[in-house]
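The structure appears below as structure tokens.
The values are calculated or read from the model by the stated rules, or taken from the named source; none is laboratory data. Values in this document were obtained by computation on a predicted structure and should not be read as measured data. Here the Cβ positions follow ideal geometry from the backbone for every residue, glycine too, while neighbour counts run over all protein chains shown.
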Amino acid sequence: MMDSSAVLQLASAIILLIAAGASAYFSVRLSATAAWIVAAVLLGASGIFLLLIAVGIAERESSFIPVILLPAVSLSTLAVVLASGLMGLRRSHPRPGGRGSSPGRDPEGTERLQRLLDSTFEGIVVSDHGTIVEANRPFASMLGYDLEELRGKPLSSFIRPESRQIENTDTRSSATVAYEQRARAKDATVFPVEVRTRPVPIQGRELTMTVIRDMTARKKTEERLRESEESYRELAESITDVFFAMDNDLTITHWNKASEYLTGVTARDAVGRSLTEVFPELLGNRAEEIFAKVVDNRGPQSFLTEYSLGGAQAVVEIRTYPTRRGLSVFLEDITKRTQAEQQLKASLHEKEALLKEIHHRVKNNLQIISSLLSLQSDHITNENAGEALRDSQNRVRSMAMIHEQLYSSGDLAKIDFSQYIKDLTAQLFRTYSVQARSIELALDVEPVILEIDRAIPCGMIINELLTNCLKHGFQGKAQGTIRVTLHPEDGGMIRFSVSDDGVGIAPDVDIMNVPSLGMKLVRTLTDQLRGQVTVNRVHGTQFVVVFPAV
């Protein structure tokens, strides 16, 4: 059998093995070095040895010292290891809100964690059972606090949940939960935030990571969008015509009150249905094709069609415009407007016919007067009197020609004066065929449109000047040329001239003050046109008249 000394030594060996295993476990578990443990063991052994000396055991039984010393050292080693392990576990699992609640004791690890948290734009909080363990600077800036003011405080002091789910979140769940809540800043400002929570394991502990996003800007945008939609809806409802919106598949997405009233289809029956379901008469109609073209080409379209509104057949104008989500359609009942336009067109047609008839009758009456003057001149033996009657006949005929041209043209208020000059000069050359037999006519006229109140005085002026050339310009000459020009000028002015290369006018004659009827008419009619007349006597005689077109 083993003696007591051997048993003690065996027990001491077993205890040392247990102490070594415990030391290795805590060293790995707590990431601590063994140097302080060895020092503690030696200190404990020395203490026991001194105790034995003090009580006198070492002096009476010197052989007993190795026997009792070995288990004593082993027991003290195991005690120190266990005690240090328990202290380490206590440090790694602190009481909530107690000292040393920051995750980890490694300064470098803490700094790396802080940099990681601060690298985001959103607020991040790490909490343990609702108590803030760590937070990032964006969250502190969001609330107006310093980081030190947040650590160790309840998260519910800063985030006011509309429900209490954030405080009762099960951290054992791996799902991310989102909430819309209210945050309270240091200055007592309350603002909306979006909160997302998720359990995270940190250094063997199950903590909760909360991500907080300020929703103030988004809420304002949503509010502006809601107000915009309200304004759009109010505008759509205020339209008195049929108005509805469709998506790109021609499915109705909005139907205003006027559409309900005019078509008899309620918004509940229209919204969500296709266009042809609400308007079956458009199936195969060009309207469906036009709507599809608006969707494809993104350009507005309009067209007229007939449709039954309020139980009566109506002419409607359909205008459609592309939108971001499809297209908007307006249906306007233009039946009354169409009827009014038709009545106006009929009235204008009647007035045109009446004006044509008036011009025709004026022309006929002037021709009758011209014929009477011609008959009267045939019975007058006095040559001067006969010539006066013939001049009056030409004047009447120049006015009749204007009415004739107005009657035959599409415009009853304006004429192409260049064509009138061509007709008038041809008529006068026929009238004075004997005298103008060897006289040539040169026309240089551009198209000029004149109203009747300006065309008649212009025509009479040209008649007087051309008659004067034919009667007096070539006395004693067998041949010559008469030139007539007509041109528009800058500033809305019209310029025409009548000239000849005949005998000319004596330098001592004041042509503008000659007491003849023809020249008096030229001066009077030019003043009526608010124009000016000038006379050039180089190489014959030239009369130039310039006047405003209107």
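General remarks:
- Odd one out for Glu281 among (1) assigned to a helix (DSSP H, G or I); (2) at pLDDT 75 or above; (3) more than 16 Å from Gly326 (Cβ to Cβ): (2)
- Sole residue being within 24 Å of the chain's Cα centre (by Cα), at pLDDT 75 or above and surrounded by 11 or more Cβ atoms within 10 Å (Cβ to Cβ), chosen from Gln301, Gln339: Gln301
- One residue from Ala455, Ala400 being under 23 Å from Met519 (Cα atoms) and in the same structural domain as Val538 (by TED's automatic domain parsing): Ala455
- Residues of region 219-260 satisfying the condition of being in contact (Cβ under 8 Å) with a residue 40 or more places away in the chain and more than 20 Å from Ser302 (Cα to Cα): Thr253
- Lone unmet requirement of (1) surrounded by 12 or more Cβ atoms within 10 Å (Cβ to Cβ); (2) within 27 Å of Lys414 (Cβ to Cβ); (3) in contact (Cβ under 8 Å) with a residue 60 or more places away in the chain for Val550: (1)
- Scanning region 380-423 for residues that are touching a strand residue (DSSP E or B) at 6+ places or on another chain (Cβ under 7 Å), of a type outside the set (Val, Ile, Thr) and in a helix (DSSP H, G or I) turns up Gln405, Leu406, Phe417, Ser418, Lys422.
- Residue selected from region 471-504 under the condition among the aliphatic types (A, V, I, L, M) and surrounded by fewer than 20 Cβ atoms within 10 Å (Cβ to Cβ), by the criterion modelled with the lowest pLDDT: Ala478
Okay, residues lined up against (1) touching a His at 6+ places or on another chain (Cβ under 9 Å); (2) modelled with pLDDT of 90 or more; (3) not aromatic (Phe, Trp, Tyr):
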| position | (1), (2), (3) |
| --- | --- |
| Thr131 | no, yes, yes |
| Gly152 | no, yes, yes |
| Ser157 | no, no, yes |
| Gln165 | no, no, yes |
| Asn168 | no, no, yes |
| Tyr179 | no, no, no |
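- Gly326, sole failed condition from (1) surrounded by fewer than 18 Cβ atoms within 10 Å (Cβ to Cβ); (2) of a type in the set (Gly, Ala, Ser); (3) on the phi > 0 side of the Ramachandran plot: (1)
- Screening Arg495 with (1) assigned to a loop (DSSP other than H, G, I, E, B); (2) among the basic types (Lys, Arg); (3) under 59 Å from the mean Cα position of the chain (by Cα) gives one miss only, at (1).
- Residue that is surrounded by the fewest Cβ atoms within 10 Å (Cβ to Cβ) [pool: residues in region 507-544 that are of a type in the set (Gly, Ala, Ser) and more than 24 Å from Ser438 (Cβ to Cβ)]: Ser516
- Output for region 479-492, where each listed residue is charged (D, E, K, R) and not in a strand (DSSP E or B): Asp490
- For Gly480, the stated conditions hold: it is touching a Phe, Trp or Tyr at 6+ places or on another chain (Cβ under 9 Å) and either farther than 20 Å from Val533 by Cβ or outside the structural domain of Asp527 (by TED's automatic domain parsing) (or both).
- Thr208 fulfils the conditions (1) within 32 Å of the chain's Cα centre (by Cα); (2) surrounded by 18 or more Cβ atoms within 10 Å (Cβ to Cβ); (3) in a strand (DSSP E or B) except for a single criterion, (1).
- Residue check, Thr240 over 18 Å from Pro322 (Cα atoms), among the β-branched types (Val, Ile, Thr) and assigned to a helix (DSSP H, G or I): no
- If only residues of region 406-457 that are more than 23 Å from Thr481 (Cα to Cα), modelled with pLDDT of 80 or more and not charged (D, E, K, R) are counted, the one that is surrounded by the fewest Cβ atoms within 10 Å (Cβ to Cβ) is Ile449.
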